[in-house]
Amino acid sequence: MDLTALIRISRENIEEYTPLLREVEINAEENFSDMELGAGLVNEVVELFHNAFGKDPGRFVREVFLEGAALIKLTGDHRHYIYQQFEELKKAAPDRNFQIRLVNLYRSTVSDMYDPYLSIIVGCLQFIEGIFTSINQANLSGSEHNKLEFIQSRMKNSKLFEGYFSIIRNAVSHAGTHGISYAEGHIVFRNIKRSSNPFVSATAKISNHELLAEIQAMINFTTAIDVARNVFGLDIGNMIVADKKIASHFANHLADREAFELWRARCDQYHEKIWVDGALSEEEKIDKIAKLFTAACTDNGLEAISVTLKKDPKILVINIPYQEIDHSDENLVVARIVKMIKYCIIAEPVFCFRYSSFLVQEEEKEGKDSLQVWLQGNDLKEYWIRNADIHDLIVDGKIYKNKEYLNVTVDFQTLEELEMKSLVNKNRRRKPRV
């Protein structure tokens, strides 16, 4: 399997990618039943990625590729369990308990791994046809059977989708008393139409070895997706870094805490070089850092009037334009506070070597209420490395109206209940609250 041949966009980086691709290949060797078959499956998926990418590169990477990767990330625990069980069953004695475990593994493989992976193929095909709306819609709008019907009507000669049989899937999903019968060396699956006059609409007699092979075929499919994702991800690596929308999407959907800690360390290294540069006066250092802060604010649609530097205590004061809001509307007040906090979030990494806390304040207007938000640098850094979210900063910070303390609370229990009902993947921790 020559994965370097699949790098099309960034051929100039091929030497840099070679050792990384070798790691991907080693993982593939552990999961594919046959490397020649696996190579063909990977080629097919990579080709599909490129066909969809060609329609609208930026949107495809953000909404299909990266959000699809985040979707697959959610299957991680189940995937590990399935691989572990599969390896155990390949070595187990073929008794009745073995057959029950085998049937249960088939069920888990289809529902917990195969089904979500099919959503990536569905998303790509929808994107090519101009009917894609979201990866969640591709994933949750139909069963794996519906997805396969959609896919196979468009990929008629593909070998990607071997291993799935609707008769077996229906039988193991609703086994009851008659859906499955065990015999020596084989299992009988029945698709039962339940009604006042129930009947068996279809049957399948599968040997233990054949059912193991069907599970392996589905693992071949998911492995092909994983290998193709890694190859294509390397190929568009420069695009992910260079495109701010894509980089933000990657950060919000995929990057883990370790990635953010590494990123933060690199940021600190870059900014510290400016602060300790002996060739610059203190005034020149502050001017250079202030320009970085202003540029970041502009990139995020924020306008800052000026910054005031206080040495004792070490507070960076950020002065921003006044915004008229109805202060009797709690939602509007919280929304304004969140926007003000964003200034502090941007300021902390660039000013942390001189200032330990950050105060953002609206300009004062006669007869008008103005807000002030004061946050500690350590709390902001926890946000940056994904150990806290914006709600933590609201609670941990100090909020003022007209320079008098304003008690703003967050109902974390209600927030948790809303998040449990949400289909949006939360790629950020929250501080534990008593």
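Of note:
- Within the range 258-420, percent of DSSP bridges classed antiparallel, to nearest 5: 75
- Taking a ≥ b ≥ c as the square roots of the eigenvalues of the alpha-carbon gyration tensor, the chain is classed prolate because a/c is 1.5 or more and a/b outweighs b/c.
- For the chain, the longest piece that avoids every one of the GluC sites (Glu not before Pro) found in DSSP loops with at most 15 other C-beta atoms within 10 Å covers 1-183.
- Cα shape, the range 3-254, gyration tensor, a/c 1.5 rule: prolate
- Highest-fluctuation residue, L102, L212, L262 considered, GNM on the chain with Cα pairs under 10 Å: L262
- Amide H contacts of I318 (H built 1.01 Å from N, under 5 Å, at least 5 apart or other chain): T308, L359, V360, Q361
- Here is how the number arises for the chain: DSSP H runs of 4 or more residues each give -39500 (n - 2.57), the sum is divided by the residue count, and the result at 222 nm is -17500 deg cm²/dmol.
- Shape of the range 258-420, Cα gyration tensor, a/c cut at 1.5: oblate
- Sequentially through the range 329-343, phi angles give Karplus couplings (6.51, -1.76, 1.60; θ = phi - 60°) of 9, 4, 5, 5, 5, 4, 4, 5, 4, 4, 5, 5, 4, 4, 4 Hz, Gly and Pro residues having no value and appearing as x.
- Under a Gaussian network description of the chain, with springs only between Cα atoms under 10 Å, the residue in F293, F260, F199 that fluctuates furthest is F199.
- Charge context of F232, other residues only, Cβ under 12 angstrom, K/R +1, D/E -1: -1
- Reducing the range 255-271 and the range 159-208 to their Cα centroids gives an inter-centroid distance of 52 Å.
- Taking the C-alpha atoms only, the angle from helix 76-91 to the longest principal axis of the chain is near 30 degrees.
- The GNM of the chain, with springs linking C-alpha atoms under 10 angstrom apart, assigns the highest mean-square fluctuation among K288, K193, K342 to K193.
- Per-bin percent of Cα-Cα distances, the range 202-318 [5 Å]: 2, 8, 9, 13, 13, 11, 9, 7, 5, 5, 4, 3, 3, 3, 2, 1, 0
- Against the chain, whose longest principal axis is taken from its Cα atoms, helix 115-129 shows a tilt of about 70°.
- Residue-count net charge about M340 - beta-carbon cut-off 15 Å; Lys, Arg +1, Asp, Glu -1: -3
- Extension gain from A5 to K314, taking 0.36 nm per residue of separation minus the Cα-Cα distance: 105.7 nm
- The long axis of helix 14-31 is offset from the longest Cα principal axis of the chain by roughly 40 degrees.
Every read-out reported here was derived from the displayed coordinates using simple, explicitly stated rules and does not represent laboratory data. These numbers were taken from a predicted model, which means no experiment stands behind them. Heads up, the Cβs are rebuilt from the backbone with ideal geometry, glycines too, and the neighbour counts pull from every protein chain shown.
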